[in-house]
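Participant: Sending over a structure as structure tokens; questions will come in a sec.
Values quoted throughout were computed directly from the atomic coordinates according to the rules given, and no laboratory measurement underlies them. Since we're looking at a predicted model, the values are computed, not measured. Using ideal geometry, Cβ is built from the backbone for each residue, glycine included, and neighbour counts are taken over all protein chains shown.
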Amino acid sequence: MQTDILNPNLQKDIKKAGEILRNDGLVIIPTETVYGLAANALSKDAVKKIYVAKGRPSDNPLIVHVAEFEDIYPLVKEIPEKADKLAKHFWPAPLTIILPKAEIIPTETSGGLSSVAIRMPENDTALNIIKSAGCPLAAPSANLSGKPSPTSFEHVYEDMNTRVDAIVKGEDCTVGVESTVISFCTEIPTILRPGVISREDIENVIGKVKIDRAVREHVSDKTNVASPGMKYKHYAPKAKIIMSRLCFNDYIKLFEKKPNAKALCFEGEEKELNVEAVTFGNKYDSVSQATELFKALYKIDELGFKEVYARAPRQSGVGLAVYNRLIRACGFQTIEPKIKIIGMTGSSGSGKSTVANALRENGIAVIDCDEISRDPKTYEGECLEKLCEAFGKDICESGILNRKKLAKKAFSSKENTLKLNKITLPVIIERVNQKIKESIDNGHTSIVLDAPTLFEAGADRLCTGIIAVTASEDLRLNRIIERDKISHEEALLRIKAQDKDYTKMADYIVDTQTGNFNIQKIIKYINHAN
Ligand code: TXA
Ligand code: MG
């Protein structure tokens, strides 16, 4: 079949796309998430062609795309109040809702189910083409079944040229992973596929929702899964990919034993690896990871990588969407750390010590990194000699470090602080490592590092997970004033000096605002953290 390449900026090409679709043809269209392989959703014959072009099992239902909210009325039996509210709040958006289907939807579109998935995309070209076709469009991702979804024209062309009537050559997709799919056919609305509209975003609008088990776990083909798409091998490049849940330091070491393996890591990390690497976004920015992931998977094949170890994305917020795609690309193969090291950080007054104490009371090993850094013994020996050399002998009194004198000199300028850190951080980290070993010898398999300067000290590299403890600024202020008996102004200065949004860097957030955080939930996270 000859495939026409259409220009989304030409009215005549949009018209042509509409005509092809009305005549039961296939047109690949750009959307904000991934490119979609579109056909008239109400025509059996047209929809059958999608399954052939993709090589997709025909029990895997398709998403029906509409251009106006009103367009969904003829397609469904009913619209529950929460579904109505959610769609009206977000649409047009990367959000798909599943509702009981009307007769008009052919079984070919719904994969034999009694429900139908509907979404109004945000991309202008997609909306123009739906309007031009004058019918709702069924459009799965435009990849061959089982391969990563295409987010650029080049990737679509590679897979689909000669398999469809036309491809609309749009821009790269901005979102990069497919829409969030949420079903309203269950008692509590259930997310079947996570996307950039996160569980938290949805719960802010309609209250509690569930996340289907198959989002995180491998569900065997025989099991009756809510979303048929979840049971197939998915998003897999030719290369074998394995997800590493090791801390960054151990991830680096992993390649020493596997010199032929390659890396799929976060931006900047490749500089510390001695092997070829492809990156997928910023470690602390799940949205950028979503945009980059599928591109990275295509790149891995372009570069001919055979065996790849991937860094694990976080499983909260938008991170869950990235995790869900990557763990499938890995065929659920992972490398797990033997010991879980969880970094716990937060600003002054956030309630970190309270949480740390509660954890200790529940038998969790907690290492107080601040105590280690304040203990003069940490700096004994060679380190103390280096400090004397750098800052003068008077910082040392009868062989013991005078921290106050050192602080006065070391914090007098940026250069001096840097000099101090260069000398002290390695010994602090070494002490922390010693303490970790002691805890392991005592039988602990999960260890928490209570560290106010976890990131600044680079101790996050030892961690397999990060907890951020938070509270509002007002509350932190009051706590500091009471605890340290200092003035409002002094407390404010201290807070402003170290104010950092640790929640952006964390895998798990503990909010101590109301005072009754759920310690069992935190322990559950610690024991399962990855
Ligand atoms: O972002 C997107 O949603 C993209 C673009 C092109 O719009 N489309 C897309 O479609 O990802 P597709 O077919 O690749 O994924 C649809 C997913 C599948 O996992 C399918 O099993 C599920 O939605 N699904 C569709 N209808 C369903 C239904 N009635 N019940 C349960 N799951 C359904
Ligand atoms: Mg797909």
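Participant: With +1 on each Lys and Arg Cβ and -1 on each Asp and Glu Cβ, and nothing else charged, work out how big the dipole of region 410-486 is about its Cα centre, in Debye to the nearest 20.
Facilitator: In total the dipole reaches around 220 debye.
Participant: With θ set to phi - 60° and the Karplus curve 6.51 cos²θ - 1.76 cosθ + 1.60, what are the ³J(HN,Hα) couplings of region 15-30 in order, to the nearest whole Hz, using x for Gly and Pro?
Facilitator: 4, 5, 4, x, 4, 4, 5, 5, 8, 6, x, 10, 10, 8, 10, x
Participant: Less than 11 Å Cβ to Cβ from Thr345, Lys/Arg counted +1 and Asp/Glu -1: what total charge do the surrounding residues give?
Facilitator: With Lys, Arg at +1 and Asp, Glu at -1, the neighbours total -2.
Participant: Work out the FRET efficiency for Val205 and Lys437 from their Cβ-Cβ distance, taking R0 = 56 Å, and round it to the nearest 0.05.
Facilitator: Details: r = 48 Å, r/R0 = 0.86.
After rounding, the FRET efficiency stands at 0.70.
Participant: Still on this structure, please answer the following. Do the alpha carbons of any pairs in Lys386/Lys414; Lys352/Lys496; Lys404/Lys500; Lys422/Lys504 sit beyond 24 Å of each other, and which pairs?
Facilitator: Lys404/Lys500; Lys422/Lys504
Participant: What number, rounded to the nearest 500 deg cm²/dmol, is the helix-based mean residue ellipticity at 222 nm of the chain, given -39500 (n - 2.57) per DSSP H run of at least four residues and division by all its residues?
Facilitator: Counting only the DSSP helices, I get -11000 deg cm²/dmol.
Participant: Could you tell me which residue out of Phe305, Val66, Ile440 lies farthest along the dipole of the chain toward its positive end? Charges go on the beta carbon: Lys and Arg +1, Asp and Glu -1, centred on the Cα centre.
Facilitator: Of the candidates, Ile440 comes out farthest on the positive side.
Participant: To continue, here is another question. Report the one residue of Ala166, Thr125, Ile104 whose Cα lies farthest in the direction of the positive end of the charge dipole of region 104-198 (charges on C-beta: Lys and Arg +1, Asp and Glu -1; origin at the Cα centre).
Facilitator: The one lying farthest along the dipole's positive direction is Ile104.
Participant: Which shape class applies to region 160-227: rounded if a/c is under 1.5, otherwise prolate when a/b exceeds b/c and oblate if not, where a ≥ b ≥ c are the square roots of the Cα gyration tensor eigenvalues?
Facilitator: Note, shape of region 160-227 comes out oblate.
Participant: So, one more: Taking +1 at the Cβ of each Lys and Arg and -1 at the Cβ of each Asp and Glu, which of Ser115, Leu86, Leu37 sits farthest along the dipole of region 6-124 towards its positive end, judged by Cα position relative to the Cα centre?
Facilitator: The one lying farthest along the dipole's positive direction is Leu37.
Participant: Hey, another quick one. Sort region 1-147 into rounded, prolate or oblate with this rule: let a ≥ b ≥ c be the square roots of the eigenvalues of the Cα gyration tensor; rounded if a/c is under 1.5, and if a/c is not under 1.5, prolate when a/b is larger than b/c, oblate otherwise.
Facilitator: Note, shape of region 1-147 comes out oblate.
Participant: A follow-up question, please. What relative contact order, as a whole-number percentage, does the chain give when Cα pairs under 8 Å and 6 or more residues apart are counted?
Facilitator: Normalised by residue count, the contact order of the chain is 14 percent.
Participant: Which ³J(HN,Hα) values in Hz, rounded to whole numbers, follow from the phi angles of region 479-488 under the Karplus curve 6.51 cos²θ - 1.76 cosθ + 1.60, where θ = phi - 60° and Gly and Pro get x?
Facilitator: Karplus values, whole Hz, x for Gly and Pro: 4, 5, 4, 5, 5, 9, 6, 10, 6, 4.
Participant: Let me ask something else. Kindly rank 475-485, 172-182, 196-206, 241-251 from highest to lowest mean number of other beta carbons found within 10 Å of each residue.
Facilitator: Taking the mean over residues of other Cβ atoms within 10 Å, the ranking is 172-182, 241-251, 196-206, 475-485.
Participant: Based on the alpha-carbon gyration tensor of region 393-530 and its eigenvalue square roots a ≥ b ≥ c, which shape applies: rounded if a/c is under 1.5, prolate if not and a/b is larger than b/c, or oblate?
Facilitator: Cα axes put region 393-530 in the oblate bin.
Participant: How many angstrom lie between the Cα centre of region 151-207 and the Cα centre of region 60-114?
Facilitator: The distance from the Cα centre of region 151-207 to that of region 60-114 comes to 14 Å.
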